[in-house]
Amino acid sequence: MADKALPRVASYEPPDPAGFPAGRVGWTLDPGRAALLVHDMQKYFLAPYADDAQVAALVSAVADVVADARRAGVPVFYTAQPGVQSPEDRGLLTDMWGEGIGAVVDTRPELEEIVDALAPRPGDVRLVKWRYSAFQRTDLSGELAARGRDQLLITGIYASIGCLATAVEAFMRDVQPFMVGDAVADFSRDDHDHALDYVARRAGVVTSVAQVRSALGEVVAAGGRR
C-alpha cells in the first residue's frame, strides 16, 4: 500500500487578495447573520509545512479574524479531529489518508491540539470532526440555526479539502459561505487557487482578512454586539 501520510508542504506564495476571483453572487457579509469557522487548525495538520513563516502568517491571519469576531459578538466554531478513531468512525478516510492523527497520537499527543495561538475560549463551540465537511456528523447546522446565523466565514486548512467541502455543503443548506482567501492554506498554490476559484464560481464568496475585519470593526466601533 502506498504511503498515505500527509505530504510535506513546500513554501508557496499565497494569492494576493487583489487577485481573488470574482464571484457570481452579490452577498455582503453581515456580522449579525455570520458565524466564524476555524477549520482543523490542529498541530498535526500544520506540521507538514516546511516554512514556519508561512504557518505563522496563516495563524496570525486567522487569529486576527477570531479576535474581531469575538469583539463583534460573532459566534466562533472550531473543528478538530480526535486522535483516537475506530475503523468504523474513520471509514473511507483510512483508504485515502491512512490512520491520520491516530498513527502518531500515542507518541506525540500534542499534535491533536489546536495550535496554541488559536485555542478555543469559553463561549466558543468545538465540534468533533469526522469527515471533510464540518457539517457531517456534527450539529453545526443546528448550532447555526439556534443562533440565527445563515452566513459562515471559513478559515483554516486545507482549503481544497475540508474548507471547500464545508463551503459547498453550507451552500446546499442555504447558509452563505464566505471563504477568507488569505486565512486558509493548502498543499500547494494550485490547490489553494482551485479552492478559491471553485467557491467563487459555484458556491459562495471569496473575501479577504481586511474585508472581514472592516465589516466586524464597524460593529465594534458602533459599540454594539450582534
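The values are calculated or read from the model by the stated rules, or taken from the named source; none is laboratory data. All of these numbers come straight from a predicted model, not from anything done at the bench. All Cβ positions, glycine included, derive from the backbone under ideal geometry; neighbour counts span all protein chains shown. In case anyone asks, the SASA skips ligands and DNA or RNA and just uses the protein heavy atoms, side chains included. Shrake-Rupley method; radii C 1.70, N 1.55, O 1.52, S 1.80 Å.
Descriptive notes on the structure:
- Estimated D of the chain in µm² per second, where Rh is the Kirkwood radius over Cα pairs and Stokes-Einstein applies at 20 °C, 1.002 mPa s: 122 µm²/s
- Translational diffusion coefficient (Stokes-Einstein; Kirkwood radius from C-alpha pairs) of region 114-226 at 37 °C, 0.692 mPa s, in µm²/s: 220 µm²/s
- Normalised by the number of residues in the chain, the average gap of Cα pairs under 8 Å and 6 or more apart makes the relative contact order 31 percent.
- Residue-wise HN-Hα coupling along region 168-178, computed from phi with Karplus coefficients 6.51, -1.76, 1.60 (Hz; x: Gly, Pro): 5, 5, 4, 4, 6, 9, 6, 10, 6, x, 10
- Accessible-area value, SER86, 1.4 Å probe, nucleic acids and ligands omitted, Å²: 40 Å²
- For the chain, with +1 on Lys and Arg beta carbons and -1 on Asp and Glu, the positive-most of ALA183, ILE114, GLY204 along the dipole: GLY204
- Cβ charges +1 (Lys, Arg) and -1 (Asp, Glu), total dipole of the chain, debye: 800 debye
- Percent carbon-and-sulfur accessible area, the chain, ignoring ligands, DNA and RNA, probe 1.4 Å: 51 percent
- In this view, the solvent-accessible surface of MET96, computed with a 1.4 Å probe and all protein chains in place, comes to about 120 Å².
- The magnitude of the dipole of region 136-221, with charges of +1 and -1 set on the Cβ of Lys/Arg and Asp/Glu and taken from the Cα centre, is near 180 debye.
- Projected area averaged over orientations for region 172-222, convex hull of C-alpha atoms, nm²: 4.3 nm²
- Within region 1-135, percent of DSSP bridges classed antiparallel, to nearest 5: 10 percent
- Lys/Arg +1, Asp/Glu -1 at C-beta; region 1-102 dipole; positive extreme among VAL65, VAL9, GLY91: VAL65
- Accessible surface, the chain, averaged per residue in Å² (probe 1.4 Å): 46 Å²
- DSSP bridge orientation in the chain - percent antiparallel, rounded to nearest 5: 5 percent
- Note on region 1-70: along the principal axes its Cα atoms extend 46, 28, 28 Å, ordered by decreasing extent.
- Taking every alpha-carbon pair under 8 Å whose residues sit at least 6 apart, region 1-104 reaches a relative contact order of 39 percent.
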